[in-house]
Amino acid sequence: MSQDPEQAKKLEALLKMLSLSQGDTSKLTQPQRKQFEEYRFWKTQPVSRFDDKVDNEGPINTSQTPEDIPDQPLPLLDEFEWCTVDLTDSGQLDDVFVLLNENYVEDQDATFRFNYSREFFNWSLKGPGWRKDWHVGVRTRQSGRLVAFISAVPATLRVRNRIVKSVEINFLCIHKKLRAKRLTPILIKEVTRRVNKQNIWQALYTAGVVLPSPTATCRYAHRPLNWSKLYEVGFTGLPANASKTQMIAKYTLPKETDTPGLRPLEERDVDEVYDLLEKYQSRFDLVQVFTKEEFRHVFLSTASVVYSYVVENEGKITDFVSFYSLPFTVLNNPHYKELGIGYLFYYASDADFGYSDRFNPEGTLKLRKRLNRLITDVSIKARDLKMDVFNAMSCQDNSLFLDDLKFGPGDGFLNFYLFNYKVRPIAGGLKDDNTFDTEKRSNVGVVML
Ligand SMILES: CCCCCCCCCCCCCC(=O)SCCNC(=O)CCNC(=O)[C@H](O)C(C)(C)COP(=O)(O)OP(=O)(O)OC[C@H]1O[C@@H](n2cnc3c(N)ncnc32)[C@H](O)[C@@H]1OP(=O)(O)O
């Protein structure tokens, strides 16, 4: 494939981000961050400095009320105008997914593109309590083309023992032609304004880039489901001293699932599974607290985006597990048009509920065994849904099974941030050398899309 050097560099960066690492983690660190003072925008915001020692966790700035917040957005350059994207209108929904599909991953023109669907946005941006004016866009005045987007959705968080009324910020995207023009700070200020007007002052967001200052850092892990396809599209390489046949054999999963009583989540399970999930999540320090209505929306509503299962035996539900689908379009490949990607989402198990200490060795062993079987089984479900790779992060209790189940450590990290809230670091499931921490595991219980 002929490419200009810029494109080739981007492609290399994308492949690096997505490709399955061969297990050599020795040289892997997050990119060197700037000094706090060099973050021209972020140093003006209510966020922690890198060197902050946090004694008292809680909000940073508490002095404002919605009345103090301007009624109007900041002005944009003349060619652009603010808009509220109405996702109930199919044309405007299309605008968002065209913008994101073409610009969300920098390198899309080269080989892969995220293939967001309308269903995905309806699911992730229109949960209970969603507000139209929190879907913020910038359009060109002349053609009306959507060139930038950022979204907020309501979320109640628990940060250690405190409930924090918040929003989750996601899908920040600026058209490639408008990059490096300092539009990001303006978009962030505008979504902040609209959220503050509703008397909400905290936000959770994640980013691959290092900003002041991560509350937790997790690492991606990838479990090949269809190794030969991943190899053929350039998603993974052939390790030295291994043959293709060996690699295929290594990643071949059993034909059938193994857990008795595994079946799809149904409406009649909601009360029981809701309680199970809430109890399981109580072990973590950074959690999204769902209402029952939110639970339904998140786990039951959208066929072909989210898949949820329970394990029921003798009338009792012992486990819950879910994953979502976000495929890539493969460009310029004669054989393959799409790469199916499953992302492990929320799960819960009562395997160690008999132990008050989460790190009790006996309880840990029980949970490890249960999760090994459960996650193997959902990997099989994902494979049967024609997904080619199953992704998970080092959050939750995932480090108990990532290595066992052949999830390769990825090159990508995900930083978790809280806006206007100081907090001591929360374990992201990584040891100092960035390998998965099977002992301390992670205290991050929230899973961001
Ligand atoms: C209470 C309510 C509060 C609500 C708000 C809470 C905060 C929400 C925060 C947002 C959470 C988003 C969560 C997600 O969706 S993370 C996903 C981000 N999106 C993408 O990666 C898609 C592809 N990339 C793009 O569209 C652009 O490259 C973006 C838009 C990322 C940057 O565009 P561009 O490259 O043209 O930059 P600029 O010239 O406009 O602006 C430069 C400034 O922007 C800072 N920057 C760069 N990347 C990010 C980033 N991912 N989060 C926060 N800040 C970021 C950068 O450090 C610099 O500031 P400073 O270094 O000078 O200080």
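Figures for the structure shown
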| item | result |
| --- | --- |
| From the options Lys431, Lys440, residue that is within 29 Å of Val164 (Cβ to Cβ), free of Cβ contacts under 8 Å to residues at least 12 places away in the same chain, surrounded by fewer than 19 Cβ atoms within 10 Å (Cβ to Cβ) and outside the structural domain of Glu232 (by the TED database) | Lys431 |
| Per-region count, segment 290-305, residues under 21 Å from Val167 (Cα atoms) and buried (at least 16 other Cβ atoms within 10 Å of the Cβ) | 7 |
| Some residue of segment 155-174 being farther than 30 Å from Thr62 by Cβ and not aromatic (Phe, Trp, Tyr) | yes |
| Tally of residues being at pLDDT 95 or above and open to solvent by 40 Å² or more (accessible area, probe 1.4 Å) across segment 316-332 | 1 |
| Residue check for Phe284: assigned by the TED database to the domain that holds Arg370, open to solvent by less than 10 Å² (accessible area, probe 1.4 Å) and free of Cβ contacts under 8 Å to residues at least 60 places away in the same chain | no |
| Neighbours by Cβ (under 7 Å, 6+ apart or cross-chain): first from segment 199-217, farther than 16 Å from Lys422 by Cα; second at pLDDT 95 or above and not in a strand (DSSP E or B) | Asn199/Pro66 |
| Residue ID - modelled with the lowest pLDDT, chosen from residues in segment 90-121 that are over 24 Å from Gly412 (Cα atoms) and under 19 Å from the mean Cα position of the chain (by Cα) | Arg118 |
| Yes/no for Val233 being open to solvent by less than 30 Å² (accessible area, probe 1.4 Å) and either within 16 Å of the ligand (Cβ to nearest atom) or not assigned by the TED database to the domain that holds Ser322 (or both) | no |
| Subset of segment 52-61 [more than 10 Å from Pro212 (Cβ to Cβ) and either assigned to a loop (DSSP other than H, G, I, E, B) or aliphatic (A, V, I, L, M) (or both)] | Lys53, Val54, Asp55, Asn56, Glu57, Ile60, Asn61 |
| Number of the exception - His335 against (1) surrounded by 15 or more Cβ atoms within 10 Å (Cβ to Cβ); (2) in a loop (DSSP other than H, G, I, E, B) | (1) |
| Test for Arg131: is it within 21 Å of Pro154 (Cβ to Cβ), within 13 Å of the ligand (Cβ to nearest atom), within 23 Å of the chain's Cα centre (by Cα) and touching a residue at least 24 places away in the same chain (Cβ under 8 Å) | yes |
| Boolean, Thr192 is among the β-branched types (Val, Ile, Thr) and away from the ligand (no atom under 11 Å from the Cβ) | no |
| Any hit, segment 171-179, residues being within 15 Å of the chain's Cα centre (by Cα), outside the structural domain of Asn415 (by the TED database), near the ligand (Cβ under 9 Å from one of its atoms) and open to solvent by less than 20 Å² (accessible area, probe 1.4 Å) | yes |
| Filter pass, Val311 being more than 30 Å from Thr111 (Cβ to Cβ) and either among the hydrophobic types (A, V, I, L, M, F, W, C) or not assigned by the TED database to the domain that holds Asp269 (or both) | yes |
| Yes/no for Pro264 being within 16 Å of the ligand (Cβ to nearest atom) and in contact (Cβ under 8 Å) with a residue 24 or more places away in the chain | no |
| Residue that is within 30 Å of Ala427 (Cβ to Cβ), within 14 Å of the ligand (Cβ to nearest atom) and of a type in the set (Phe, Trp, Tyr), where the choices are Phe114, Phe149 | Phe114 |
| Filter pass, Asp403 being under 22 Å from the mean Cα position of the chain (by Cα), at pLDDT 95 or above and in a loop (DSSP other than H, G, I, E, B) | yes |
| Test set (1) under 12 Å from Arg223 (Cα atoms); (2) free of Cβ contacts under 8 Å to residues at least 60 places away in the same chain; (3) out of contact with any strand residue (DSSP E or B) (no Cβ under 7 Å at 6 or more places or on another chain) - Ile341 fails condition number | (3) |
| Residue match in segment 154-164 (condition: near the ligand (Cβ under 7 Å from one of its atoms), under 30 Å from Phe284 (Cα atoms) and either out of contact with any Lys or Arg (no Cβ under 6 Å at 6 or more places or on another chain) or in a strand (DSSP E or B) (or both)) | no |
| Candidates Pro75, Pro59 - the one that is away from the ligand (no atom under 12 Å from the Cβ) and modelled with pLDDT of 55 or more | Pro75 |
| Residue ID - farthest from Arg131 (Cα to Cα), chosen from residues in segment 182-226 that are touching a strand residue (DSSP E or B) at 6+ places or on another chain (Cβ under 8 Å) and among the basic types (Lys, Arg) | Arg223 |
| Residue count, segment 299-332 (criterion: within 27 Å of Gly127 (Cα to Cα) and part of a strand (DSSP E or B)) | 17 |
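Yes/no matrix, rows are residues, columns are (1) loosely packed, with under 15 Cβ neighbours inside 10 Å; (2) among the basic types (Lys, Arg); (3) touching a strand residue (DSSP E or B) at 6+ places or on another chain (Cβ under 6 Å); (4) more than 22 Å from Tyr205 (Cα to Cα):
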| position | (1), (2), (3), (4) |
| --- | --- |
| Lys53 | yes, yes, no, no |
| Ile60 | no, no, yes, no |
| Thr84 | yes, no, no, no |
| Asp94 | yes, no, no, yes |
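The values are calculated or read from the model by the stated rules, or taken from the named source; none is laboratory data. Fair warning: this is a prediction, and the values are worked out from it, not measured in the lab. Positions of Cβ are backbone-derived with ideal geometry, glycine not excepted, and every protein chain shown enters the neighbour counts. Areas reflect the complete protein model, heavy atoms only, side chains present, ligands, DNA and RNA absent. Shrake-Rupley method; radii C 1.70, N 1.55, O 1.52, S 1.80 Å.
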